[in-house]
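Below: the structure, in structure tokens.
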Amino acid sequence: MACVKGIKSESIIKAIERIPLEQRKQVKEVTLDMANNMNLTAKICFPNAKIVTDRFHVVKLVTEALQHVRVQYRWKTIEEENKAIEIAKKESKKYKPIILSNGDTKKQLLARSRYIIAKKPNDWTPNQKQRAELLFNLYPNIEQAYKHTLEFRSIYEEKCKIKAKERFENWFEDTQQLKFKNFNTAMNSIKHHFNNILNFFDNRSTNANAESFNSKIKLFRANLRGVRDVPFFLFRMEKLFA
């Protein structure tokens with residue numbers, strides 16, 4: 001475990017190179033995110049290791065593309081509501097938004113659907129299921145994007161690398177047909193890291209534990225309302241987590 005200041009490749013490489021090369025040559029696999037600096041670091045420091053792009057970061061990229069579709073509709077709805085309020089003022093009337101069957105307005109529905117579309121349908125509560133039905137009836141494109149995201153997430157359930165590759169390629173074709181700009185951007189990033197992404201299916205290795213630990217550190221720092229005395233913070237962190 002190392003705590004390195006900054007994210008520059010040079011700093012990270014310098015820290016890792018304190019471990020003898022013979023020991024580093026024994027590393028068989030390195031899981032990392034999609035950042036180029038980490039990829040370069042792994043190749044230089046662990047010459048015999050296979051590079052694996054962690055599934056968490058790949059799925060997150062596609063999920064963010066889905067959320068972007070929802071946000072676009074939300075801003076459009078806010079803009080429409082503002083125009084309706086202006087018209088009501090000119091006519092000396094009080095603006096009354098349309099209330100949906102679950103008590104939400106369209107604006108509220110889009111805002112409160114953020115966590116719903118991040119989940120699988122089986123994980124929805126009854127209230128979330130009702131909200132999802134309303135969302136998909138009003139915005140079919142969001143439903144289409146959601147199903148497209150679920151299809152991508154299901155690829156990682158494959159045990160066979162060859163089948164996973166075929167399903168990725170089919171997903172790429174579907175993405176091009178859907179013509180969602182954000183999904184095309186995500187697809188291009190995935191294609192750029194495709195070989196490393198496929199390496200996941202060899203041993204299904206993940207750095208979920210490291211990501212979880214990183215989240216704990218961030219929460220610890222947030223609870224302290226920031227850090228002024230860095231050495232003391234690192235001392236406390238060592239005593240709590242080491």
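Ellipsoid semi-axes for the range 108-242, based on the Cα gyration tensor and the rule √(5λ), read 34, 25, 14 Å when sorted largest first.
What number comes out for the charge environment of Ala15, summing +1 per Lys or Arg and -1 per Asp or Glu over other residues with Cβ under 14 Å away?
Around Ala15, the surrounding residues sum to +3.
Taking Cα atoms only, the orientation of helix 55-90 departs from the longest principal axis of the chain by about 30 degrees. Accessible area per residue (1.4 Å probe, heavy atoms of protein chains only) ranks Leu198, Leu224 as Leu224, Leu198, with the largest value leading. Applying the Kirkwood pairwise sum to the alpha-carbon positions of the chain produces a hydrodynamic radius of 21.5 angstrom. The separation of the range 226-242 from the range 1-31, counted between C-alpha centres, amounts to 22 Å.
Rolling a 1.4 Å probe across the protein heavy atoms gives the range 83-242 an accessible surface of 67 Å² per residue.
Rolling a 1.4 Å probe over the protein chains gives His68 an accessible area of about 80 Å². Given R0 = 25 Å, the distance between the Cβ atoms of Lys96 and Asn141 translates into a calculated FRET efficiency of 0.40. For Lys50, the residues 5 or more places off, or on other chains, whose built amide H falls under 5 Å of its own are Glu29, Val30. Split the accessible area of the range 20-152 by element, probe 1.4 Å, and carbon with sulfur accounts for 52%. Here the Debye sum runs over all C-alpha atoms of the range 33-122 as equal scatterers in vacuum, and log10 of I(q)/I(0) at q = 0.12, 0.25 Å⁻¹ comes out as -0.61, -1.20.
For the range 167-242, the Stokes-Einstein estimate of translational diffusion at 25 °C and a viscosity of 0.890 mPa s comes to 153 µm²/s, using the Kirkwood hydrodynamic radius over alpha-carbon pairs. With all pairs of different alpha carbon atoms counted, what Kirkwood hydrodynamic radius in Å does the range 71-150 show? Result for the range 71-150, one decimal place: 13.7 Å.
Which far-off residues, 5 or more places away or on another chain, put their amide H under 5 Å from the one on Thr105, with H placed in the peptide plane? Amide H to amide H, under 5 Å and 5 or more residues apart or across chains, Thr105 pairs with Leu100.
The values are calculated or read from the model by the stated rules, or taken from the named source; none is laboratory data. Everything numeric in this text was worked out from a predicted model, so none of it was measured. Please note: Cβ atoms are built from the backbone with ideal geometry, for glycine as well, and neighbour counts cover all protein chains shown. Accessible surface areas use protein heavy atoms only, side chains included; no ligands, DNA or RNA. Shrake-Rupley method; radii C 1.70, N 1.55, O 1.52, S 1.80 Å.
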